[in-house]
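In what follows, a single structure is set out as structure tokens and then discussed.
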Amino acid sequence: IVDGCQLFETLRGFLQLIERVEVVQRVSEKLVTTFAGVKMRSPVGVGPMNMPRGERSAITPEIHAELLLKHVEAGAGFVYVPGFKYITKELLKELRPRAWPRDYKPRPSGVRFMKIETPGFGVEGLLNFGLTATESAESSLAGFDKARKTLEIVKKKLPEGVPIFVTTSPFGNFAEPTVLVAKKAEELGVDLIELIVSCGLAPSLEGGIDYYLEKKFPLMMCGTLVAEYFDLVEKIVKETVKAVNIPVGVKLWPEMSLPRAVELARILRDAGAKYVEISNFATTIAPPDIYNRGKPRWPYIDGNPFVGGSGGALRAGCYRNVAGIAKFVPGIEIAASGGLLTPEHVVEVMMLGAGLAEFVTG
């Protein structure tokens, strides 16, 4: 019986190995590209939202790394490790008096998705309810080790020609934490770093609109609230670019109009950014349940119906800003995501001027 069990386990392991070998895709050498000075085996890859969803404490670096490596086996030309944030207690102490002295209210984190569908026309997109309060600088002290370990596991197993992007979000309007993260990423062998000033959930934060109107920001990830001020974004990008030798890119937000997108892309190019990524969640609102006195359809929403919108509805804005920046901002490269759902969409967005196409699995 023991020998039989051992034989069974050996055969099962062998079959799993065969299955793994079969799914590894051969990537044509004709797809090799160079983006922001970095060579990649393919211009199609894993975008910055590719992270398992669920209870954060249950998502280990090993689980996250496994998901990313499955994309690589399927032929991805690059991968992102999202949420790469780092700050020291010393810097936190230095910045605290300079931040807007507003109390931060911790809230339980949670994610809910709602499929938006019109009968007869299909699925329009997904609404993502994230948080009514965002991640504080203090919480990144604990989260960095998980991101670092994920990066280390993935880096050891990547084939040649598959670089790693990491993403980070500025805390408030301060450049110092972003500079620190960029230096740490370069030290760990990251190939490109992307600054996210585009989170569509930020305007849903408690007090978020006041942050924007008063141009005062706490030490937390404020996304589009900060990025609507181009002078603040320019300062953060300039300081980050100056601090490292790896390419720096900036992720934009989908609601930005074409003239403003062109204006900001020129500012970013002149500040030293090598590329822009288009785009992130849109800020929207959950439709009221008209058959239940207008109550939100999520069991957990804490009275706040403002959410991030994703899915196919983002594609029109993505195409618009890709084409506009490609035409009016020479000298900066473009990565595209948002509403890309089929292989044909990848070809379309590249014909409009994108150098990379990114699929996300939020």
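Of note:
- Search result, residues across the range 231-244 that are surrounded by fewer than 17 Cβ atoms within 10 Å (Cβ to Cβ) and touching an Asp or Glu at 6+ places or on another chain (Cβ under 7 Å): none
- Residue tally, condition farther than 16 Å from residue 279 by Cα, among the β-branched types (Val, Ile, Thr) and at pLDDT 95 or above, over the range 321-354: 2
- Odd one out for residue 267 among (1) in contact with a Phe, Trp or Tyr (Cβ under 6 Å, 6 or more places away or on another chain); (2) modelled with pLDDT under 95; (3) open to solvent by 10 Å² or more (accessible area, probe 1.4 Å): (2)
- From the options 197, 190, 179, residue that is touching a residue at least 24 places away in the same chain (Cβ under 8 Å), open to solvent by less than 30 Å² (accessible area, probe 1.4 Å) and within 19 Å of residue 154 (Cβ to Cβ): 190
- Residue within the range 337-352 that is touching a residue at least 24 places away in the same chain (Cβ under 8 Å), assigned to a helix (DSSP H, G or I) and β-branched (Val, Ile, Thr) present: yes
- Odd one out for residue 250 among (1) crowded, with 17+ Cβ neighbours inside 10 Å; (2) under 23 Å from residue 96 (Cβ atoms); (3) at pLDDT 95 or above: (2)
- Scanning the range 332-346 for residues that are surrounded by fewer than 24 Cβ atoms within 10 Å (Cβ to Cβ), closer than 22 Å to residue 38 by Cβ and among the aliphatic types (A, V, I, L, M) yields 332, 346.
- Cβ pairs under 9 Å, 6+ apart, first in the range 236-253 and in contact (Cβ under 8 Å) with a residue 24 or more places away in the chain, second part of a helix (DSSP H, G or I) and among the hydroxyl-bearing types (Ser, Thr, Tyr): 236/178; 237/178; 239/178; 240/178; 243/178; 248/240; 253/224
- Qualifying residue in the range 303-320 (condition: among the small types (Gly, Ala, Ser), assigned to a strand (DSSP E or B), modelled with pLDDT of 95 or more and closer than 30 Å to residue 112 by Cβ): no
- Residues of the range 52-82 satisfying the condition of being open to solvent by less than 40 Å² (accessible area, probe 1.4 Å), closer than 21 Å to residue 191 by Cα and not hydrophobic (A, V, I, L, M, F, W, C): 61, 64, 73, 75, 77, 80, 82
- Search result, residues across the range 251-275 that are under 27 Å from residue 113 (Cβ atoms) and assigned to a strand (DSSP E or B): 251
- Candidate set from the range 200-215 (those that are aliphatic (A, V, I, L, M) and either closer than 29 Å to residue 37 by Cα or more than 18 Å from the chain's Cα centre (by Cα) (or both)); member that is least open to solvent (accessible area, probe 1.4 Å): 205
The values are calculated or read from the model by the stated rules, or taken from the named source; none is laboratory data. This structure is a prediction, so every number in the text was calculated from the model and none was measured. With ideal geometry, Cβ positions are generated from the backbone for all residues, glycine too; neighbour counts draw on all protein chains shown. SASA here: full protein model, heavy atoms, side chains in, ligands and nucleic acids out. Shrake-Rupley method; radii C 1.70, N 1.55, O 1.52, S 1.80 Å.
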